[in-house]
Amino acid sequence: MPEKNPQAWNALLAAYARNGDVGRAKQVFDRHLAPNLISWNTIIAAYARSEEERFVDTAKRLFDSMPLRNIISWNSMLLAYSRGSKDLETVEQFFDLMPERSLVSFCHILSAVAARGESIQLKRLLDSMPERNLISLTTALSGFAHFRDLPGAISLFHSMPEVDLIATNVMLLAYAKSGHLLSCKDFFDSMRYKSIVSYTTVTLLAVLYACSHGGEISDARLRFQSISLDFGVKLSKYHHRSFADVLARSNNLCGARDLMESMPFVPDSSDWKNFLGACKSWNDFKEGAQASKLALEKKEVQDGGCYIFLAAIDPFKVS
């Protein structure tokens, strides 16, 4: 292409931005002879979607350099702050500066508050929104789940004019994270439109999590086996980890260790810490000592947890 017009430059810029290649996108932007509002919005959105804190300052410098801004420009910069800034106050201050706001603006600030704020802040923001949609309501629902505010999650879920599989999964996780294990499983069993699609990895993981913390081994075993056999969902490391946790909490330590050794994933420090914690709870120092030595031999721990466990064991307890 011997000569590129603005449309061609913007198309190339957008292609790199969509593929997450921020470096090449910036090169194209810098070579653009006459960047227009679309060009500016595209490059700022590229930095915003990167979710890296180091790119927030770059996005802000570009934003401040813009000769003209619109709601898309402001929303892109707000997205950069909501994803890349660890400081919620910075996100809120930028939100307050916006000359106008759209539903997208509220979704971005909701996401930031849901991740780094408090339940009362989330509720106040939700109540102040002039309009809502399924995405914004589901974002708020995930915040209540994150804060373990089950009453808030239940109230919002039942007030939603429509729900989809994502919202249902978030509600399921809210039950599980709040420790309401029976309610979590009852909610799972009462889910509408049961099909292969409804039994996603997230859904089944939430139920395994609930069974794990309730120590209900028989129910968890059936759920675990049904994941791949009945619904064709590929077992992830977290499914194996959750079921190993069920076995360990139920004092089936041998079964938990066998699963950890046979699963098609390498156990990490977190897996062994959970297992050793169960060994300590059940006073099974022999099983804990064997597991500690095995983990150390395979170099599957990166801290001193196993050494501490071994050092604390009375030799007579494992003889």
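Readers should treat all values here as calculations from the given coordinates under stated rules, not as data from a laboratory. Remember, predicted model here, so these are calculated numbers, not experimental data. Ideal geometry is used to build each Cβ from the backbone, glycine not excepted, and the neighbour counts take in all protein chains shown.
The convex hull defined by the C-alpha atoms of region 1-117 has an orientation-averaged projected area of 7.1 nm². Among the listed pairs K237/K286; K234/K293; K177/K293; K26/K60, those with a Cα-Cα distance over 24 Å are K237/K286; K234/K293; K177/K293. Of Y238, Y47, Y16, Y81, the sequence from fewest to most neighbouring Cβ atoms within 10 angstrom is Y238, Y16, Y81, Y47.
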